[in-house]
1. Of all residues being among the basic types (Lys, Arg) and either farther than 21 Å from GLY244 by Cβ or touching a Cys at 6+ places or on another chain (Cβ under 9 Å) (or both) in region 153-212, which is surrounded by the fewest Cβ atoms within 10 Å (Cβ to Cβ)? Just the residue, please.
2. Would you mention how many residues in region 94-130 are among the hydroxyl-bearing types (Ser, Thr, Tyr), under 10 Å from the mean Cα position of the chain (by Cα) and farther than 18 Å from GLY220 by Cβ?
3. So in region 199-255, with the set limited to residues that are of a type in the set (Phe, Trp, Tyr) and touching a Lys or Arg at 6+ places or on another chain (Cβ under 6 Å), which one is nearest to LYS165 (Cα to Cα)?
4. Report, by residue number, each residue of region 85-120 that is free of Cβ contacts under 8 Å to residues at least 12 places away in the same chain and of a type in the set (Val, Ile, Thr).
5. If I go through region 224-258 residue by residue, how many of them are loosely packed, with under 13 Cβ neighbours inside 10 Å and in a strand (DSSP E or B)?
6. Pairs, please: C-beta under 7 Å, at least 6 apart or cross-chain, first residue closer than 28 Å to SER181 by Cβ and in region 220-234, second surrounded by fewer than 13 Cβ atoms within 10 Å (Cβ to Cβ)?
7. Among all residue pairs at least 6 apart or on different chains, which show Cβ distances below 6 Å where the first residue, located in region 55-84, is in a helix (DSSP H, G or I) and the second is modelled with pLDDT under 70?
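The values are calculated or read from the model by the stated rules, or taken from the named source; none is laboratory data. Being a predicted model, the structure only gives us computed values, none of them experimental. FYI the Cβ positions are ideal-geometry reconstructions off the backbone, even for glycines, and counts take in every protein chain you see.
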Amino acid sequence: MGYDSISGVGNNSYRTNQTSGGQTIDAVYGDAKDKQISVDNFLQLMIAQLKNQDFTNPVDDTQYVTQLAQFATMQQMQELAYHSKSNFMMSLVGKDVTVAKLSIGGNVNKVIGPVERISFVGNEFKIYVAGKEYSVDQLMEVHGTSSDGSDKPQVDPSKYTILPKNKTDTTIDLAWPVPTSDEVIASKLKYTVYYSTGSAFDTVDEVKAGIRFGSSERGGLTSETITGLEPDTTYFINVVVKDGNGKETVYQKTTVTTKPQGE
């Protein structure tokens, strides 16, 4: 863990940089006097009140004590709210969140990923996801830590079937659903397509013993066209799904027979 501080950033402000476990919190803090009402502000108001009071009906001096107590209470509430918000923002570092920006056409561009760092510049918190800056208003969801470290797979694709769409004598078009409605988990799933002429194709080991088609562990893959097949041949096809914790599972296998040659 390392610490670094640079004073004199802007007017009456300082920067702190804390690194811990690959996570960085980068904050530029303004002078506390610039962020909230000070006692000087209260005294200026009190002097203005004294100057402009009705001397035929002067203000009771106990009112000043009451006002000062009320002011001190308000100031403490401001500080409490500020520190509560600071603690919440700092707690987001390393957690998976959903952030979104509106494009010029009115479309919502959503990004899901872990919060890399938090900055505080110009009395406004900023969060950084996938190297881009977002305001607190653009934070849509907080999902939790990026990995729960569980030995249990995060998805169970065996409940879903791979669907053959079209076929020729040498190709088969396939599609399959994303095996979860959780956007964070879905964003980290990696898919690898396999096929075989053997019917034992129901477990991860059996599937990985088959013939892999295309690159392994592709993100966002929900369809594929397998090429280079033999005509009039029955193939068993399955997809290995790897989740964010590295656990592998498979879909229900599908069986497809290519068309006779020339059809």
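1. Among those that are among the basic types (Lys, Arg) and either farther than 21 Å from GLY244 by Cβ or touching a Cys at 6+ places or on another chain (Cβ under 9 Å) (or both), it is LYS165.
2. 1
3. The extreme case among them is PHE236.
4. ILE104, VAL108, listed by residue number.
5. 2
6. THR222/ALA175; SER223/ALA175
7. PHE71/PHE42; GLN78/GLN36
Residue-by-condition table, conditions (1) touching a strand residue (DSSP E or B) at 6+ places or on another chain (Cβ under 8 Å); (2) assigned by TED's automatic domain parsing to the domain that holds ASP40; (3) at pLDDT 80 or above:
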position: PHE71; (1), (2), (3): no, yes, no
position: TYR82; (1), (2), (3): no, yes, no
position: VAL99; (1), (2), (3): yes, yes, yes
position: ILE104; (1), (2), (3): no, yes, no
position: VAL108; (1), (2), (3): yes, yes, no
position: ILE112; (1), (2), (3): yes, yes, yes
position: ILE118; (1), (2), (3): yes, yes, yes
